[in-house]
Each structure stands twice: as structure tokens, then as C-alpha cells.
Amino acid sequence: MYTTPTSGYLRRSLLVNKQRTDLPVTIDPVDHSRRVKKELRDAGLRGTGLMRLESRYLPHIIHPDEHIGGAIGGYNDNGFAMLVATDRRIIFLDKKPLFIEEDEVTYNVVSGVKFTHAGFGSIVTLHTRIKDYALRTLNQKAALNFVEYIESRSLEREDMDYDQYA
């Protein structure tokens, strides 16, 4: 049903020479999707990692002003999953045809990251206070980029915490 606008709404919409700040930012979904794919490529994902369900669903999760610093796709106990580190948070994404498991972790709760390399494969384990996320992958370049980005963000967080108490 249509409801009539309130008087406050009409006053705000009739302001002259003023920008409305309550409007949501509109972005072109095609450009946003291209930007996310480019940032995934820059993070080291190639080939099938970019064609997986998780990679195609990621533009729906990433905010327009959020940028990807590291990403890794690999296998865990439930099948293929993805860990994505942005400048604001870490996203664990496991998308299957009928369900989506998405965990969002801030850098405050990250305890550490572990990288193990044996033969052709690598295992990256993200330790948090909530849960440990482990992925087995063959893409060592993406795994190293992810670990390096997480470590750099954790060090930045520690520096900010120490500066706060100094």
C-alpha cells in the first residue's frame, strides 16, 4: 500500500542547494563485479578459483568502499570454501547450490595465521578466538599473499593498540 510522505520527508526533499546525505550510494553492479574480480586476480586467484560459486557470489558481500587485500580458495571438511581478507574484515565463504555459510571476522579477534607447505599443496589455518578456519590449496602464491596480508593487518592493529595506551 502507498502511504503519504510525512512533513519531515517533504521538507528534506525540498531543500535547495544542499546534498542529501541519507540517500544510499548507488553503484553499477557490473563495475563493482569487475572490480572485485580484478582484486581477486591481484590477490593471486586464477582459473577455476575465479569461476567457483564463492567468487561469483563475493560481489554481493563486498561493500562498495571495501577492498580485497588477500584471498584464498581451497578445500575444508565440507568441500570448497574461500577466505577473503579485506581492509575491514575477514570473510569465510562456503557457497553450495542450496545454502550459503558466511562467517565474518574482524581483525580484533584474529589470534594468528599458520602456513604449512608440503609437496604440491599448502594448508592455511586462520586462528581466531571464535573458530579456526583451515583450507587446503594448491595455489601457493595466493596462500602466501593471504598470510602476508593478515600478518600486516595484525601488526597494524597492534601498533594502534600500543599507541592508544602510550
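The values are calculated or read from the model by the stated rules, or taken from the named source; none is laboratory data. A quick note: this is a predicted structure, and the numbers were derived from the prediction, not measured. With ideal geometry, Cβ positions are generated from the backbone for all residues, glycine too; neighbour counts draw on all protein chains shown.
Residue-by-condition table, conditions (1) modelled with pLDDT of 95 or more; (2) under 17 Å from the mean Cα position of the chain (by Cα); (3) among the aromatic types (Phe, Trp, Tyr):
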| residue | (1), (2), (3) |
| --- | --- |
| Gly79 | no, no, no |
| Leu83 | yes, yes, no |
| Arg88 | no, yes, no |
| Pro97 | no, no, no |
| Val105 | no, yes, no |
| Gly121 | no, no, no |
| Val124 | yes, yes, no |
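A Cβ distance below 7 Å, combined with a sequence gap of six or more or placement on separate chains, defines the contacts here; from the stretch 26-51, residues that are touching a residue at least 60 places away in the same chain (Cβ under 8 Å) reach residues that are surrounded by 12 or more Cβ atoms within 10 Å (Cβ to Cβ) and of a type in the set (Val, Ile, Thr) in the pairs Ala43/Ile68.
For every residue, the table says whether it meets (1) of a type in the set (Phe, Trp, Tyr); (2) buried (at least 16 other Cβ atoms within 10 Å of the Cβ).
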residue	(1), (2)
Thr116	no, no
Gly119	no, no
Ser122	no, yes
Leu126	no, yes
Tyr133	yes, yes
Ala143	no, yes
Leu155	no, no
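Would you point out the residue of the stretch 109-155, among those that are of a type in the set (D, E, K, R), in contact (Cβ under 8 Å) with a residue 40 or more places away in the chain and part of a helix (DSSP H, G or I), that is farthest from Ile72 (Cα to Cα)? Can you show your working first?
First, pick out the residues of the stretch 109-155 that are of a type in the set (D, E, K, R): 114, 129, 131-132, 136, 141, 148, 151, 153.
Filter again for in contact (Cβ under 8 Å) with a residue 40 or more places away in the chain, leaving 136, 141, 148, 153.
When the remaining residues are screened for being part of a helix (DSSP H, G or I), the result is 141, 148, 153.
Details: Lys141: 9, Glu148: 12, Arg153: 16 Å.
So the residue we want is Arg153.
Just one residue in the set His63, His127 is within 24 Å of His32 (Cα to Cα) and not hydroxyl-bearing (Ser, Thr, Tyr); that residue is His63. Does Ile150 meet the test of being surrounded by 15 or more Cβ atoms within 10 Å (Cβ to Cβ) and either under 18 Å from the mean Cα position of the chain (by Cα) or among the hydroxyl-bearing types (Ser, Thr, Tyr) (or both)? Yes.
Which residues, taken from the stretch 88-108, are in a loop (DSSP other than H, G, I, E, B), out of contact with any strand residue (DSSP E or B) (no Cβ under 6 Å at 6 or more places or on another chain) and more than 14 Å from Arg52 (Cα to Cα)? Answer for the stretch 88-108, where residues must be in a loop (DSSP other than H, G, I, E, B), out of contact with any strand residue (DSSP E or B) (no Cβ under 6 Å at 6 or more places or on another chain) and more than 14 Å from Arg52 (Cα to Cα): Arg88, Leu98, Phe99, Thr106. Number of residues in the stretch 109-142 that are within 25 Å of Met51 (Cα to Cα) and of a type in the set (Val, Ile, Thr) equals 4.
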